[in-house]
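Accompanying notes for the structure given below.
The values are calculated or read from the model by the stated rules, or taken from the named source; none is laboratory data. None of the values given here were measured: they were computed from a predicted structure. When we count neighbours, we look across all protein chains shown, and the Cβ atoms used for this are built from the backbone with ideal geometry, even at glycine. The protein model used for the area step is the full one, side chains on, heavy atoms only, and it has no ligands, DNA or RNA in it. Shrake-Rupley method; radii C 1.70, N 1.55, O 1.52, S 1.80 Å.
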Amino acid sequence: MKILVLGSAAGGGFPQWNCNCRNCRGVRDGSIRARPRTQSSIAVSADSINWVLINASPDILTQIRSLPQLHPRRRPRDARFRGVILVDSQIDHTTGLLMLREGEPLKIYSTANVREDLATANPILRVLESYCGVEWRPVPIEPGRGFDIEDVDDLHFTALPVAGKAPPYSPHRESPEPGDNIALVITDRRSGKSAFYAPGLAEVDDRIAAAMSRADCVLVDGTFWTDDEMIRQSVGRKRAAEIGHLAQSGSDGMLAHLARLENPRKVLIHINNTNPILDEDSAERRAVAEAGIEVAFDGMEIDLV
Ligand code: MLT
Ligand code: MN
Ligand code: ZN
């Protein structure tokens, strides 16, 4: 199985258009060593021909343009994605769907909750009906149930409901329900290798820790280093926990959870522009590297063989 990182940043990207934080300023003027990053999305494939898109970011056209693996090659019109899985209904994970309106009906796989948000409060799926059309497929969240993507026989998917937040526009924002946010386990049926993907993870409970420990690679919420990062840098009023993300530092932070995993390759993904790990010369980035954890970047390819 191949995992291709289309976009490794959180909502807003890096640098963010209106942000003058140390990182955003530094990457613009070259005063820090850091790579720009687009918004959160990955693709997976068993054969490098047919891909499954996981989340569709507003940067999707730029992402496809810069990744030859995803270019049309075989027919006059040649979408390389056989389907799109959405892990939530956040703007950064869904608005790219509107950019894919020129082709065949989009096969969209999501929970019922995500479908509801995208058919009502933010009716992207309804809008698409007037363009390419949508074939929606349910993602089950009951324990032990998985799902497949049509025409992608070698990959199998399992969704786990996770603690997180529905988007600000969602009726579920302050009354969370299972299915608002999911983690995905992606398994290659031929090799048996698996990846755990959760760009938004507010809490690592025993069930999530167990799923992570069984995977060969985990790509997990790397949004914030500290819970009060945006407040400290005077760029926002919200804490990480309030918007559904577990910070990396601290005794119960993401790094502490990752330290307990023996098997998997460990990758932080969905990184907010304020996070000091984006500065390749920072102490925080060094701490992450010393813990054997990688920081995802756009175009990163992970080959699980
Ligand atoms: C989040 O995951 O919290 C988002 O990146 C927020 C957003 O898209 O605005
Ligand atoms: Mn996000
Ligand atoms: Zn910034």
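At-a-glance table
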item	result
Where LEU255 falls short, out of the listed (1) open to solvent by less than 60 Å² (accessible area, probe 1.4 Å); (2) within 16 Å of ligand 2 (Cβ to nearest atom); (3) not small (Gly, Ala, Ser)	(2)
Hits in segment 211-243 - residues which are among the hydrophobic types (A, V, I, L, M, F, W, C) and within 14 Å of ligand 2 (Cβ to nearest atom)	LEU219, VAL220, PHE224, MET230, ALA240, ILE243
Residue in segment 69-82 that is in contact with a Lys or Arg (Cβ under 6 Å, 6 or more places away or on another chain) and within 21 Å of THR187 (Cβ to Cβ) present	no
Among (1) assigned to a loop (DSSP other than H, G, I, E, B); (2) buried (at least 21 other Cβ atoms within 10 Å of the Cβ); (3) of a type outside the set (Phe, Trp, Tyr); (4) more than 16 Å from ligand 1 (Cβ to nearest atom), the one test that ALA43 misses	(1)
Test: ARG80 is charged (D, E, K, R), free of Cβ contacts under 8 Å to residues at least 60 places away in the same chain and open to solvent by 40 Å² or more (accessible area, probe 1.4 Å)	no
Neighbours by Cβ (under 9 Å, 6+ apart or cross-chain): first from segment 279-294, of a type in the set (Asp, Glu); second in a strand (DSSP E or B) and open to solvent by 60 Å² or more (accessible area, probe 1.4 Å)	GLU294/ARG265
Residue list for segment 1-26, filter: among the small types (Gly, Ala, Ser) and either more than 16 Å from ligand 2 (Cβ to nearest atom) or in contact with a Gly (Cβ under 9 Å, 6 or more places away or on another chain) (or both)	GLY7, SER8, ALA10, GLY13, GLY26
Out of GLY200, GLY222, GLY244, sole residue that is crowded, with 23+ Cβ neighbours inside 10 Å, on the phi > 0 side of the Ramachandran plot and at pLDDT 95 or above	GLY244
Sole residue being part of a loop (DSSP other than H, G, I, E, B), away from ligand 3 (no atom under 16 Å from the Cβ) and surrounded by fewer than 24 Cβ atoms within 10 Å (Cβ to Cβ), chosen from ARG65, ARG73	ARG73
Residue match in segment 23-33 (condition: surrounded by 22 or more Cβ atoms within 10 Å (Cβ to Cβ), outside any helix (DSSP H, G or I) and touching an Asp or Glu at 6+ places or on another chain (Cβ under 6 Å))	no
Near pairs, Cβ below 9 angstrom, 6+ apart or cross-chain, from segment 239-262 (closer than 9 Å to ASP227 by Cβ) to any residue that is within 16 Å of ligand 3 (Cβ to nearest atom) and not in a loop (DSSP other than H, G, I, E, B)	ARG239/GLU229; ARG239/MET230; ARG239/ILE231; ALA240/GLU229; ALA240/MET230; ALA247/GLU229; SER249/GLU284
All helices (runs of 4 or more DSSP H) inside segment 171-286 with 3 or more residues being more than 16 Å from ligand 3 (Cβ to nearest atom)	206-214, 254-259
